[in-house]
Amino acid sequence: MMRHRLGTVLIVMGLLVLAYAAAVLLWRDPFTDVYNRYQQNRLESQLDGVFESFREDTQPPRGLVTAELKQSAIAGWARRFARTVEQGDAIGRIRIPEIGVSDVMVHGTRWGPDLSRGPGHYERTSWPGLGKTVGVAGHRTTFGAPFRDIDDLANGDEIVLEMAYGTFRYQVFAHEIVDSDDWSVIRNRGFDSVMLSACHPLYGSSERWIVYGRLVAVESERAGSYLLAEAAG
């Protein structure tokens, strides 16, 4: 009888392990996903406070009638915002409609404190609106796996970064696969761009899948909206 029960327990445990492996393979890690959902809810509340505080402390300047003046105002707000941010803080939201991403971003790319809670902003990169490269990393199989399908993005697909000082719309223009220690991906390209990074292959970490997007439009409650010259042309 004892051997029969033990055999039944082992079979059940084996089936559970297989079910878990199948979930990770076909979807994502369900256990770390629960943790990520909890943390995203907490970050939502924090982000609401960040946005509200910025609105209260920032007055819209008058006379922003040209794209150049609007860009200048937003760049000033971006620098001001960057000075207030600490590692692990909620800083904005990333939306990628084509692959169903809508997550709060944090400042930093530490595996546990940052990326387990949401996509992380590379501290060595710039901020939206400063004419440089903004880097964002995300998991592909664990902790909500926000970037699981970034390899499905096509040129022209939209990447949106919503910050307290404006909403920045980028269009995908390139992909590449690089070694995990290749930092050339965060170099500045002479225009405002976003770089998305995730581990590659899907269940490994020896390389990184990189997606690049170019800023094409900016919307701001304080400064108004404008298209970039490259996009408008």
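Overview of values
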{"item": "DSSP-loop trypsin sites (Lys or Arg not before Pro) across region 59-115, with at most 12 other Cβ within 10 angstrom", "result": "R62"}
{"item": "Between region 154-227 and region 107-128, the Cα center-to-center distance that results, in Å", "result": "14 Å"}
{"item": "Loop-located chymotrypsin sites (Phe, Trp or Tyr not before Pro) in region 125-225 whose Cβ has at most 11 other Cβ within 10 Å (DSSP)", "result": "Y203"}
{"item": "Environment charge of R95, counting only residues whose C-beta is closer than 13 Å and scoring Lys/Arg +1, Asp/Glu -1", "result": "-4"}
{"item": "Rounded to the nearest 20 debye, dipole of region 26-232 from Cβ charges on Lys, Arg, Asp, Glu", "result": "500 debye"}
{"item": "Sites A154 and R187, calculated FRET efficiency, Cβ-Cβ separation with R0 41 Å, nearest 0.05", "result": "0.95"}
{"item": "Region 26-232: relative contact order in percent, alpha carbon pairs under 8 Å with at least 6 residues between", "result": "20 percent"}
{"item": "In region 44-105, GluC sites (Glu not before Pro) in a DSSP loop with at most 12 other beta-carbon atoms within 10 Å", "result": "E86"}
{"item": "Sites Y35 and T66, calculated FRET efficiency, Cβ-Cβ separation with R0 41 Å, nearest 0.05", "result": "0.30"}
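Throughout, read-outs are computed from the coordinates displayed, never taken from laboratory work. Since the model is a prediction, treat every value here as computed from it, not as a measurement. In this analysis, Cβ positions are derived from the backbone assuming ideal geometry, glycine residues included, and neighbour counts consider all displayed protein chains.
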